[in-house]
Amino acid sequence: MPSIRLTYSTGIVLQAVAAGYRYGFDIMDVSGLPDGTVYPALRRLERSGLLESTWEDQDLAHAEGRPPRRYYGITQAGLPRLEEVRNRFRGLAHLIPRTAPPPPTPTPTPPISLGDQ
Amino acid sequence: MVAIASRLAPRDHRRAWSAEWTAEIDATWRRRPADLRARLRLLRRAMLSFVDAVRFRWEDRQEQRRIQRSVQSLPGKRNMLSDLFDDIRYGVRSLVRTPGFALVAVFTIALGIGSTTTIFSIVDSIVWRPMSYPDPDNVVAVWPGRSFSPREVVRLENELSTFSSIAAYVEDGQAYIREDGADYLFGPSVSAQFFDVLGRQAALGRSFRKGEDKIGANDLAMLSHDFWQREFGGDSSIIGRRILLDKQAHTVIGVMPRGLDVLQRDASFVKPLTMSPESPNYTGNWVNVVGRLAPGVTIEQAREDLRIVFDSWKERFGYSETFGNAATATITPIHKAITENIRSSMMLLMGAVVLTLLVATSNLANLLLNRAVTREQELAVRGALGARPARILRQLLTESTIIAAAGGALGVGLSIWSVRAIVAILPESTPRLEYVTLDGRVLLFSFALVLITGWLAGLFPGLQMLRPAFTSLHSGTRGSSESKTRRAFRSGLVVTELALSVVLLVGSGVLLRSFRAMNEVETGMQPESVLTFGLSPTGDINAGGAAGLNQYYDRVLNAVAALPGVQSADAIHVLPVSGGGWNSGINVDGRETPPGAPYVGVWWRPVTDGYLETVGMHLVAGRTLDASDTESSPWVTVINQAMVRQFWPNENPIGQRFQYNMEGGQIWITVVGIVQDVTHLGLTTTTPPTVYRPFSQSAARLSQINVTSRWIVARTTVDPRSVMESVRQAVAATVPETPIINLRPMSAVIQRSLADPRALTILLTLFAGAAVVLGAVGLYGVVTYTVRQRTRELGIRIALGAKGSDVLHSVMRQGLAYAAIGLPLGLLGAWAGSRTISQALFNVSPTDVVTYVSVSIVLFVVVVLATIAPAVSAKRTDPMISLRAE
């Protein structure tokens, strides 16, 4: 996998994902970067193996009547790079508040009760 | 909007991209953005999707390019190296899959390269490598083969103008005396300028100076490096110490540089000669002369100088007219003079080994071609799948280089062993034998040879392969029809191999016959059950004159003869068959020697009176020497038949008299007996006229010229080897200060004289054998291959009713066809080269008919053996299988 030189913008995106902002548009909202730079950064980070992406559970999304979203998470390989980025850009950790809502975890469907007998 | 934008996104990722953007926009819209700003932001982001799509497309294209670059082969070192490793891995794998082929190929190469490296090393060490003197071409031997007298050498020193230095030298040996015994060591005796001639001086201490070869000043010695290390541990305080050589003290003045060639094998020291007019053998001819040409002087100029000097000697000193004429008095570079005799044998060996290598290379080429053809299908598939022809060719070349490298490594290992083995069987008299090594140049040569062999052997099959490789796939057949050129090439290879094998076989055959002839030479003696050894007592024995010498040896002879198992013991000046000795002219009673008559040397063999019986010589007429022949009785001699033929061809020589220059030329010697010729000078040398004189009468002369050495012969009633130890002890008890020299049976002495031709014969036969085996393997391979190619045709023929024997004959005819061309070619080649081998032959013509016929028969047998297996398998072809085999 090609290694990536971490710039300020990719560093912010990495930090945003680490802070819990997992959706593309959320990262756009919170990072303060120009909107057009976020997705390219996400793609670069993913190609470099520092981020990985998954799709939401389809059934869950359809139940809510919306298309499933794609969300990103930091990989094992990404963790040391994150540290490196935090050391380089000291203010990064404070820029992004750690109050992001957690990504939706699929809740187990309750067993169908056969009613009281 | 995203749907439209997605058209701009890269095709492979379009769906995912579109889904992601759609979902994000949807999710944001659901949150019902409250104010206008938020909605505008969403709209802006939606429109941004177009930009992102285009951007994504660009990123994707970059990514594609990057991947393509890492996959394609770029002209960069990294890629060539990885290709090479791939080739090597592939080559090794495919070789491992066909172990039979790989083994035969590797051994073929090992044989060819091993033998070439070995012989090249030996020939290089002995013949080509220049001697380690500065300007070695300026060091020359003056009239090699003729012995000069010290007086003549002094005259040459004074009268030759084209030499910067002249020296006399003679191979010699001395008893080196230690506290715990004596060893007989070798080392030349030389005149003072010897080291000036060589151009090398002592490494420690100094060399001899002018005047140090005169009486009173010459009790000096220089040690060889190895002897100095061995005996004195390399102690530099040896300079100035005294050592005992032949019971006389000599001061060590210097140590020679390591490895210096002082013109004698295994020399431990160098002593000065005695070149004073007062010394007893000042006028006897017994030293060799070497010289260093003055700078800028050519050999021709030196020769001219020499002739002028000799001409003046004829006038001033009465030398005969024929002395020193253009034909005999030559000046030869020392290296050439030393290696003269061995040069032709060495060249013969080089030729043989080159032929063997050619056979090996042809064999390898055939093997590789065979293999490449059977892999046609595989190569065609690779070609169809896009492998470039150059790549396939490189692949084949790599494969054959791997084989050549493996075979070469094995061959070099083989040669390390065989150099040692061959040095062991070469005669000890071989010049420069102690300098034979496997050196770096030879290894480089072998490596180059390996590479060239690999590439040559791989190139032709590879090139041949390329064209059909692609057509065969398209034509749908298995490539079963071989192109005419390929067939011709392979046939040509096999025929060449057979022809070369024939040449080697003929060479080996005539050498074998010659060697047998040598072995059957009538020596004139009965050498079985005879033990021999030499003694060279120190000079003080001579203080008692002739009587002292004779007494000394009588003690030894009595001690040996008294041993159990010993029938009789006698002595002779120089052992028979070993060459050496002295000769001079005679003056026959009642005859005038016309002036200018060619010189006839009569060889001098002083013996004890029982000698002739002890060695089993055959008396033809008259009587042998006996105890009645004392120093005071009339001088008598027993002569050989050659002498009779020379001087008294038509009369009875018994009772005739002559004066012998060797013994002073005054006293008349009477002939009392005639014996059969003995091959004194060597088995293949014509025996010259020889006189056997009793020691009781000759010892005076020997004593006068200070020759104290004699050789003892003892006839045993048991195996001579079984009494060797008791003889050694008896001699040590009788004359403890005189070391015994070369104690061995007479049969061993005779065998040693044959060591040269024996070595040559053995080696050439080995090469011939190897070539024949290789040729047979090559033939077998070709015939097998052809049978396989003809499977279909043979199947049809059998199906149509052809008999098995017809098929057998058809296949064998092919093999015989190769022989029919190869044999006459080979015989022709052997005939053309017969002159090169004729020098090495004895009593056999190089175009010996018996040999030619035998070789033809051998070849015929070999061809039959090589073709019989494939012929039989062809006969057994099952038509059903063969017709289906496509």
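Readers should treat all values here as calculations from the given coordinates under stated rules, not as data from a laboratory. The shown structure was predicted, so the numbers you read here are calculated from the model rather than taken from an experiment. Reconstructed Cβ throughout: ideal geometry from the backbone, glycine too, with neighbour counts over all protein chains shown.
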Task: Axial C-alpha extent at least 27 Å, average Kyte-Doolittle at least 1.6 - helices from chain B (DSSP) - done: B:99-123, B:849-875
TODO: Answer rounded, prolate or oblate for segment B:117-221, using the Cα gyration tensor with square roots of eigenvalues a ≥ b ≥ c: rounded when a/c is under 1.5, else prolate when a/b is larger than b/c, else oblate.
DONE: oblate
TODO: Report, to two decimal places, the Cα Rg of the protein assembly as shown normalised by 2.2 N^0.38 Å (N = number of residues).
DONE: 1.55
Task: Neighbouring partner chain Cβ atoms per residue of B:269-281, average, 10 Å criterion - done: 0
TODO: May I ask for log10 I(q)/I(0) of segment B:9-168 at q = 0.12, 0.13, 0.14 Å⁻¹, from a Debye sum over the Cα atoms as equal point scatterers with solvent left out?
DONE: -0.88, -0.93, -0.98
Task: Which of B:Ser501, B:Ser362, B:Phe842, positive extreme of dipole for the protein assembly as shown (C-beta unit charges) - done: B:Ser362
- [ ] Assign one of three labels to chain B, namely rounded, prolate or oblate, based on the Cα gyration tensor with a ≥ b ≥ c the square roots of its eigenvalues; rounded applies when a/c is under 1.5, prolate when it is not and a/b is larger than b/c, and oblate otherwise.
- [x] prolate
Open item on the list: Need the full-extension length gain, B:Ala249 to B:Asp806, defined as separation in residues times 0.36 nm minus the C-alpha distance. One decimal, nm.
Closed with: 191.7 nm
Open item on the list: Please arrange B:Leu48, B:Leu619, B:Leu859 by how many other C-beta atoms lie within 10 Å of their C-beta, fewest to most.
Closed with: B:Leu619, B:Leu48, B:Leu859
TODO: Would you order B:Met746, B:Met350 from fewest to most other beta-carbon atoms within 10 Å of each residue's own beta-carbon?
DONE: B:Met350, B:Met746
Open item on the list: Could you order the peptides B:823-835, B:137-149, B:506-518 from most to least packed, using the average number of other C-beta atoms within 10 Å per residue?
Closed with: B:506-518, B:137-149, B:823-835
TODO: Would you compute, from DSSP H runs of 4+ residues alone, the mean residue ellipticity of chain B at 222 nm, taking -39500 (n - 2.57) per run and dividing by the full residue count, rounded to the nearest 500?
DONE: -18000 deg cm²/dmol
- [ ] Determine which lysines satisfy two conditions relative to B:Lys875: a Cα distance under 23 Å, and not lying fewer than 8 residues away in the same chain.
- [x] B:Lys803
Task: Relative contact order (percent, whole number), chain B, Cα cutoff 8 Å, 6+ residue spacing - done: 15 percent
Open item on the list: With an 8 Å Cα cut-off and a minimum separation of 6 or more residues, compute the relative contact order for segment B:200-265 in percent.
Closed with: 45 percent
TODO: Would you kindly calculate the mean projected area, averaged across all directions, of the convex hull enclosing the Cα atoms of segment B:784-862, in square nanometres?
DONE: 6.7 nm²
- [ ] Provide, as a two-decimal number, the C-alpha radius of gyration of segment B:280-377 over 2.2 N^0.38 Å, N being how many residues it has.
- [x] 2.12
Open item on the list: Could you tell me which residue out of B:Asn652, B:His618, B:Thr593 lies farthest along the dipole of segment B:527-668 toward its positive end? Charges go on the beta carbon: Lys and Arg +1, Asp and Glu -1, centred on the Cα centre.
Closed with: B:Thr593
Open item on the list: How many angstrom lie between the Cα centre of segment B:157-204 and the Cα centre of segment A:50-88?
Closed with: 96 Å
TODO: Select from B:Ser82, B:Ala329, B:Gly829 the residue farthest towards the positive end of the dipole of chain B; place +1 on Cβ of Lys and Arg, -1 on Cβ of Asp and Glu, and compute about the Cα centre.
DONE: B:Ser82
Open item on the list: Sort B:Thr786, B:Thr322, B:Thr708 by Cβ crowding within 10 Å, fewest neighbours at the top.
Closed with: B:Thr322, B:Thr786, B:Thr708
- [ ] Please work out the ratio of the alpha-carbon Rg of segment B:229-315 to 2.2 N^0.38 Å and round it to two decimals.
- [x] 1.55
Task: Shielding by other protein chains, B:47-59, mean Cβ within 10 Å - done: 3
- [ ] Give the Rg/Rh ratio for segment B:594-673, taking Rg as the radius of gyration of the Cα atoms and Rh as the Kirkwood radius, to two decimals.
- [x] 0.96
Open item on the list: Going through the cross-link list B:Lys210/B:Lys336; B:Lys210/B:Lys247; B:Lys210/B:Lys271, which pairs have a Cα-Cα distance over 20 Å in this structure?
Closed with: B:Lys210/B:Lys336; B:Lys210/B:Lys247
Task: Pair-distance profile P(r), taking every C-alpha pair of segment B:690-815, with 10 angstrom steps and integer % - done: 9, 18, 17, 12, 9, 9, 10, 10, 6, 1
- [ ] Please give the FRET efficiency for B:Leu40 paired with A:Arg66, using the beta carbon to beta carbon distance and R0 = 25 Å, rounded to the nearest 0.05.
- [x] 0.65
Open item on the list: Pairs of alpha-carbon atoms within less than 8 angstrom and 6+ residues apart define the contacts here; what relative contact order does segment B:217-312 have, in percent?
Closed with: 31 percent
